[in-house]
Amino acid sequence: MAKAKELRAEAVARPTGSAWSNAPLAKAGGRSTPPAVRLTALARTELLDKTTRARFEDELDAALKRRPASEAKLAGAARAVAPLSPSLRASLGEATTILVRRGSRQRELYACGLRALAEARDRQAVALLRQALAGEEAGGAAALSAACFSGEPELSPLLAKIAASRQSHLAFGAELARVVRGESNGALLAQLAPMIKESHRIAMCTELFVPLMRGLPVAAHVGPALAVLRGAERHLGRWLVLAEVAVKSGDTGPLEEARSRATSGALSSRSAWSLVAWALEETHALARGHAPPAPPATRPTLELIARLSDRPSADRDTTFLFRMARARAPSAKPMLEMLAKGPPLGDEVSVRAALCLAKDYGRDDLRAALLEVATAPRREELRGLATAALWDLGAMDQSRDLASDLSSSKVVGNVAWAALVRAAWTRARAEESKGETVVGEIPFRWIQWGWLE
């Protein structure tokens, strides 16, 4: 074990400017003393306790030595808590450096590290992205996506070079990053769009456009290229992703098309298009600071909800149902009640459905069911989610106490939910936030499913 650590210490190359340029992967309580200025910054922003940091650092260490079967969930959990801790981001950056050097673009931790550090504007991100983009396949979709969230001018020459690539999907990804960063007028993007093969378009929708859909509006120059991609897209959920990015950029064409298909399209698809139109109206309103539209009256079904997901239909993803629940649509209540049947609550979706019903639909009786899951050892993989759900229902002190017990859980997802609850409690005590929601769509997908887009 000691020999392995020595070899790894020799192999790790820190990003330029690191205070620990030749040390092994950082451990809580075991790293060299950083400069005083960094200590001051950590004191202000560190929201993870030493035990939790050490747990994640140990998990990262083990994953570098042997890829675990559950790496996607480890990566999702790490990505969810990385914004809470500069110290953990330092360790994540070190792990990502090793993966970049190995060329391990298919590893979930590789995508997690690049995306998490870029979105957090971490100082390590630029050096990692520069190295990844200069490598084979331009670092993959994860590197191109992360570049969209980095405004560093150092990346501009690399992105311009990749945008001239003969491989249309790489050129498109790099040019998309240039448009998002305000370095291109989108003309080349529109020229590249018809050249994108179906397999690449599917991958780009998940890996490039879903993150953009959740972020700030991008430049309107992206509209013509998205129109071309939508015209070739047969999957309604992916069409919606492309449409939402376009609508946020100021293009109302997708909204008008959805409204038209909801009223004059094929009868069998009008229900689905009515929900698409409502979703785009909501996006349009929120992007412009207007009041959201009235909740949809269309009653969802499992098949309909799966069609509206950006995930493959086989995943049976319920994301759109919970979007309706956030809008407190009365039409969503029957399906939520079907999913929350119990006791006991048997899976992640049923726990989340119970949370929505208790919070927004007056089902106070489900609080007890959530507490049962949060304290039941036989449902270990659900305890963290149920604990976070109790926080969202206003049981702050009770949720924090339960979170303390989850710090040593064998399930890394429980450790992540517990960290998010404790961070929310700390911010609430400091009056930095009020009514903070922990069980959001993004952390749910990352922690529970390991979907890292």
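The values are calculated or read from the model by the stated rules, or taken from the named source; none is laboratory data. Just so you know, these numbers come straight off a predicted model, no measurement behind them. So basically every Cβ, Gly included, is an ideal-geometry build from the backbone, and we count neighbours across all protein chains shown. Side chains are part of the model used for accessible areas, which takes the heavy atoms of the whole protein and leaves out ligands, DNA and RNA. Shrake-Rupley method; radii C 1.70, N 1.55, O 1.52, S 1.80 Å.
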Item to complete: Find the residue count for region 222-271, including only residues that are under 14 Å from GLU282 (Cα atoms) and either without any contact (Cβ under 8 Å) to a residue 12 or more places away in the chain or among the hydrophobic types (A, V, I, L, M, F, W, C) (or both).
Response: 9
Discussion item. Quick check on my filter: what residues within region 314-334 are modelled with pLDDT of 95 or more, among the hydrophobic types (A, V, I, L, M, F, W, C) and either in a helix (DSSP H, G or I) or exposed (fewer than 15 other Cβ atoms within 10 Å of the Cβ) (or both)?
Written reply: PHE320, LEU321, PHE322, MET324, ALA325, ALA332
Item to complete: Answer with yes or no whether ALA306 is at pLDDT below 95 and in a helix (DSSP H, G or I).
Response: yes
Discussion item. Given the criteria open to solvent by 10 Å² or more (accessible area, probe 1.4 Å), among the hydrophobic types (A, V, I, L, M, F, W, C), in a helix (DSSP H, G or I) and without any contact (Cβ under 8 Å) to a residue 40 or more places away in the chain, does ALA69 qualify?
Written reply: no
Item to complete: Test each condition in (1) farther than 16 Å from ARG115 by Cβ; (2) at pLDDT 95 or above for GLY135 and report the one that comes out false.
Response: (2)
Item to complete: Go through (1) open to solvent by 30 Å² or more (accessible area, probe 1.4 Å); (2) assigned to a loop (DSSP other than H, G, I, E, B); (3) of a type outside the set (D, E, K, R); (4) touching a residue at least 40 places away in the same chain (Cβ under 8 Å) and name the single condition LEU48 misses.
Response: (1)
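For (1) in contact (Cβ under 8 Å) with a residue 40 or more places away in the chain; (2) surrounded by fewer than 20 Cβ atoms within 10 Å (Cβ to Cβ); (3) assigned to a loop (DSSP other than H, G, I, E, B), each residue gets a yes or a no:
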site	(1), (2), (3)
GLY346	no, yes, yes
VAL351	no, no, no
ARG367	no, yes, no
ARG379	no, yes, no
LEU382	no, no, no
LEU390	no, no, no
ARG400	no, no, no
Worksheet, complete the sentence: For GLY250, the lone unmet condition from (1) out of contact with any Phe, Trp or Tyr (no Cβ under 7 Å at 6 or more places or on another chain); (2) at negative phi; (3) not hydrophobic (A, V, I, L, M, F, W, C) is (2)
Worksheet, complete the sentence: Checked pairs for region 286-301, first touching a residue at least 24 places away in the same chain (Cβ under 8 Å), second open to solvent by 90 Å² or more (accessible area, probe 1.4 Å) and of a type in the set (A, V, I, L, M), C-beta under 7 Å and 6 or more apart or across chains, list as PRO292/LEU286
Discussion item. Among the residues in region 290-313, are any in contact with a Ser or Thr (Cβ under 6 Å, 6 or more places away or on another chain), closer than 29 Å to ASP397 by Cα and either among the hydrophobic types (A, V, I, L, M, F, W, C) or open to solvent by less than 10 Å² (accessible area, probe 1.4 Å) (or both)?
Written reply: no
Worksheet item: Right, ARG55: open to solvent by less than 30 Å² (accessible area, probe 1.4 Å) and of a type in the set (Lys, Arg) or not?
Response: no
Worksheet item: Within the bounds of region 75-86, is there any residue that is over 17 Å from GLU57 (Cβ atoms), among the polar types (S, T, N, Q) and not in a helix (DSSP H, G or I)?
Response: no
Item to complete: Kindly check whether there is at least one residue in region 231-252 that is over 16 Å from ALA279 (Cα atoms), open to solvent by 20 Å² or more (accessible area, probe 1.4 Å) and in a helix (DSSP H, G or I).
Response: yes
Worksheet entry | Within region 410-453, considering residues that are of a type in the set (Gly, Ala, Ser) and surrounded by 19 or more Cβ atoms within 10 Å (Cβ to Cβ), the one farthest from VAL81 (Cα to Cα) | GLY450
